[in-house]
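Peer 1: Sharing a structure below in structure tokens format, with a few things to ask.
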Amino acid sequence: MLNEKRIRLMTKLAIMEEQEGAEIKTARTYFRSDFISINLLKNLLRITTAYLIGLLLWCGYNFEKVLALLNTMDITKMGIIILISYIGTVIIFMVSSYSIYAYRFHQNENKFYTYRDMLGHLLYEYEQEEKAAKEQEQNSRGHNRRRKRGGRRNDNIVKY
């Protein structure tokens, strides 16, 4: 027999798994610190690449100024300025990345707990149905035994 409540629950689980399966998997397979550190390393590589590309574009746009300044300025001073701006950029982006990925992990963890609770509820529904089927089977066995003996449930009651 079809159980509408169980069918709705299975449909919700399938939709959740289809739409948010990757997020649920990350929360289930990674620790919080691992998830955040992996994504911070990826972001560090992206930030470094973007900074180098930006620096090259700036040097290309201001090529004449850079060539004129190279003859008159101190190279170590220019390197220190570039390094300080790089470190500042990295700090700003890493702090924001940390907060973003910590929030995402928290959301994914909540999705995982919701999914797990829904699976537990589905298991509970199956157990209840199985329990009801066993009770019905036991009741039908007892009813068949009484029929074989030839009696009914209320045969021992004397009516006046």
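Each value in this text was obtained by applying a stated rule to the coordinates, not by laboratory testing. Model, not experiment: these values are computed from the prediction.
Peer 1: Take the alpha carbon atoms of the range 1-57, find their center, do the same for the range 61-122, and report the distance between the two centers in whole angstrom.
Peer 2: Distance between centres, Cα-based: 19 Å.
Peer 1: Right, something else. Just want to confirm a number: the relative contact order over the chain, from Cα pairs under 8 angstrom separated by 6+ residues, in percent. Don't skip to the answer; put the middle values down first.
Peer 2: On the way: 50 pairs, mean separation 70.3, N = 160.
Value for the chain: 44 percent.
Peer 1: So what is the calculated 222 nm ellipticity per residue for the chain, using -39500 (n - 2.57) for each DSSP H run with n of 4 or more, over all residues, to the nearest 500 deg cm²/dmol? Each step should come with its number before you reach the end.
Peer 2: Numbers: 4 runs with 141 residues, N = 160.
Helices in the chain give a 222 nm mean residue ellipticity of -32500 deg cm²/dmol.
Peer 1: Show me the three semi-axes of the equivalent ellipsoid for the chain, from the C-alpha gyration tensor (sqrt of 5 times each eigenvalue), largest first, rounded to whole Å.
Peer 2: Numbers: eigenvalues 1145, 32, 17 Å².
Gyration-tensor ellipsoid for the chain: 76, 13, 9 Å.
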